[in-house]
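Shown next, in structure tokens, is the structure this report addresses.
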Amino acid sequence: MEFVTDLRAVLGDGGMLISAADRAAYERDWRGLVNNPALAVLLPKNTQQVSEIVKLCARYGAAIVPQGGNTGLVAGAVPVEGRRQVVLSLARMKAVRGIDLATDAITVDAGLTLKELQDQAFESGRLFPVSLGAEGSAQVGGVISTNAGGMQVLSYGSMRAQVLGLEVVLADGRIWQGLNALRKDNTGYDLKQLFIGGEGTLGVITAATLKLSPAIKARGSALVGVGSVAAAVALFQAARDALGTALTLCEFMDAPAALLGAAHSPRRRLPFAAPGYVLLEASSLDEGRLPNDLLQHVLETALEKGLALDAVIAQSGRERDELIALREAISAGELAEGGAVKHDITVPVGRVAEMVTATNKLIIKNYPGCRPNVFGHLGDGNLHINIRPPEGRRVADLAPVKEAISRAIEGLAVSMAGSFSAEHGIGQLRLAGMLTHKSAVELDMMRAIKSALDPAGLFNPGKTIPGVS
């Protein structure tokens, strides 16, 4: 096949996977919901090879599915059904191109993992603050393309807030050199914003210049038991008022979610029983300022006022890691125990309790026996409201009502001035929500941008924008 021969000439030995066995892990999404074939998996070593790949795919009419660590939850980085397509993995592009401590910026290839980026920052006496449960395999390019959030958005913002510049291969193979570390550049459109959160539909991000933050010198972490979601919100507000910018993390878990996380984390148990749990963390840039003391004061006041039922403060780095692991293990625990109908909604923080109450009523009334599993980023109103099947049943058994459940929960969020996708993106699995909740004007604008930058529909077909293949 001439196409494969030309690709091999560009990529050399080890740069292409052809056999079905070698392709398999790249064709299936993390949740195991979507599995479609690709012609090949391409593994370029540099940006010039990516450019040559794009030109060849345009010539031979093959679509390109850019893929990072393939840890997304909406099947945005795997092939769609019925298209002639290749998977473009940037896993071999892992260079750290430069670190500028005067500017507090680092420039890296898109295939570097988030954990490797964090380690580079740490070794330089800095912090890269975006942190995810999948950070050991999630790659910088994918994290940018999905505008991933994580547990510290409350203080540092999502990935979008960390990006200073990008290098991107466009649909005609040209390379846009947008790598710079400027905090101010008011010269026309901010082009990098088109690709951040674009899910690989407009171009291939091959490198990025990212902000570095001051290193954290001390942390205080606590797990707090609460009697209700409303109490959790009140606790967050009290902690924010008392700690200000020192409050860098505030996560909520209802009891089922916390128990699931505990069962699949090293701790294996919760320190106490409660209807709900809030994970709080305070951080300090000053070694002399002790976040544990600040947290203890907040918690003593919360206990006195009845906002908290019980609490434990981590006394070591190991204990802190165990508390974080309780939260991070929930998604993997769900998958291990049969899966769930997943939702990634956001509402104003003041309406979080209303959203959870409305969801519970909805499930009890219309889907008896189903088990809501609620957890997420309380500090920014982003909740993962996942519906597990009745005890002893499989998530596949919910197939006849899955779309109705999602439509109802997403509709509740939007009715409360929220969004049906806060940080997971759209991919293949949230296209119905786009049609339902985005206006015709918004969709027309998105389609116009896609048409302008990728007129042949080369990049990541069947994702993000309904009706664009």
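The values are calculated or read from the model by the stated rules, or taken from the named source; none is laboratory data. This is a predicted model, so every value here is computed, not measured. Glycine gets a Cβ as well: all are built from the backbone with ideal geometry, and neighbour counts include every protein chain shown.
Couple of notes before you dig in:
- Matching residues in region 378-397 - criterion: being modelled with pLDDT of 95 or more and among the aliphatic types (A, V, I, L, M): Leu378, Leu383, Ile385, Ile387
- With respect to (1) on the phi < 0 side of the Ramachandran plot; (2) touching a helix residue (DSSP H, G or I) at 6+ places or on another chain (Cβ under 6 Å); (3) surrounded by 15 or more Cβ atoms within 10 Å (Cβ to Cβ), the lone exception for Ala207 is condition (2).
- Set Ile465, Ile449: member being in a loop (DSSP other than H, G, I, E, B) and farther than 23 Å from Glu337 by Cβ: Ile465
- Residues of region 417-455 that are more than 16 Å from Gly197 (Cβ to Cβ) and in contact with a strand residue (DSSP E or B) (Cβ under 9 Å, 6 or more places away or on another chain): Gly418, His437.
Yes or no, residue by residue, for (1) more than 18 Å from Arg8 (Cβ to Cβ); (2) in contact with a Phe, Trp or Tyr (Cβ under 8 Å, 6 or more places away or on another chain); (3) of a type outside the set (Phe, Trp, Tyr):
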| residue | (1), (2), (3) |
| --- | --- |
| Pro44 | no, no, yes |
| Ala62 | no, yes, yes |
| Val80 | yes, no, yes |
| Arg84 | no, no, yes |
| Ala95 | yes, no, yes |
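- In the condition set (1) surrounded by fewer than 17 Cβ atoms within 10 Å (Cβ to Cβ); (2) closer than 22 Å to Thr209 by Cβ; (3) outside the structural domain of Gln152 (by TED's automatic domain parsing), Asp100 is compliant with all but (3).
- Residues being closer than 30 Å to Leu235 by Cα, in a helix (DSSP H, G or I) and not polar (S, T, N, Q) are represented in region 413-428 by at least one member.
- Counted residues, region 164-190 - those being among the hydrophobic types (A, V, I, L, M, F, W, C) and either over 19 Å from Ala105 (Cα atoms) or out of contact with any strand residue (DSSP E or B) (no Cβ under 6 Å at 6 or more places or on another chain) (or both): 6
- All told, Ala77 falls short of being within 28 Å of the chain's Cα centre (by Cα) and without any contact (Cβ under 8 Å) to a residue 24 or more places away in the chain.
- Just one of the listed residues (Gly188, Gly173, Gly197) is on the phi > 0 side of the Ramachandran plot, without any contact (Cβ under 8 Å) to a residue 12 or more places away in the chain and not assigned by TED's automatic domain parsing to the domain that holds Ala282, and it is Gly188.
- Looking only at region 115-137, and only at residues there that are in contact (Cβ under 8 Å) with a residue 40 or more places away in the chain and either farther than 26 Å from Val278 by Cα or in a helix (DSSP H, G or I) (or both), the one that is nearest to the chain's Cα centre (by Cα): Ser137
- Residue among Leu290, Leu279, Leu294 that is surrounded by fewer than 24 Cβ atoms within 10 Å (Cβ to Cβ), farther than 25 Å from Ala353 by Cα and in contact with a Leu (Cβ under 7 Å, 6 or more places away or on another chain): Leu294
- Filtering Ala440, Ala456 for residues that are of a type in the set (A, V, I, L, M, F, W, C), within 28 Å of Ala62 (Cα to Cα), surrounded by fewer than 19 Cβ atoms within 10 Å (Cβ to Cβ) and over 17 Å from the mean Cα position of the chain (by Cα) leaves a single hit, Ala456.
- Residues being within 19 Å of Arg174 (Cα to Cα) and in contact (Cβ under 8 Å) with a residue 60 or more places away in the chain - total across region 62-74: 4
- Residue that is of a type in the set (A, V, I, L, M, F, W, C), closer than 17 Å to Thr464 by Cβ and crowded, with 19+ Cβ neighbours inside 10 Å, where the choices are Val169, Val130, Val143: Val143
- Residue within region 32-42 that is surrounded by fewer than 17 Cβ atoms within 10 Å (Cβ to Cβ), at pLDDT below 95 and either assigned to a loop (DSSP other than H, G, I, E, B) or of a type in the set (Asp, Glu) (or both) present: yes
- Criterion (in the same structural domain as Asp241 (by TED's automatic domain parsing), modelled with pLDDT of 95 or more, out of contact with any Asp or Glu (no Cβ under 8 Å at 6 or more places or on another chain) and in a loop (DSSP other than H, G, I, E, B)) met by exactly one of Ala308, Ala302: Ala308
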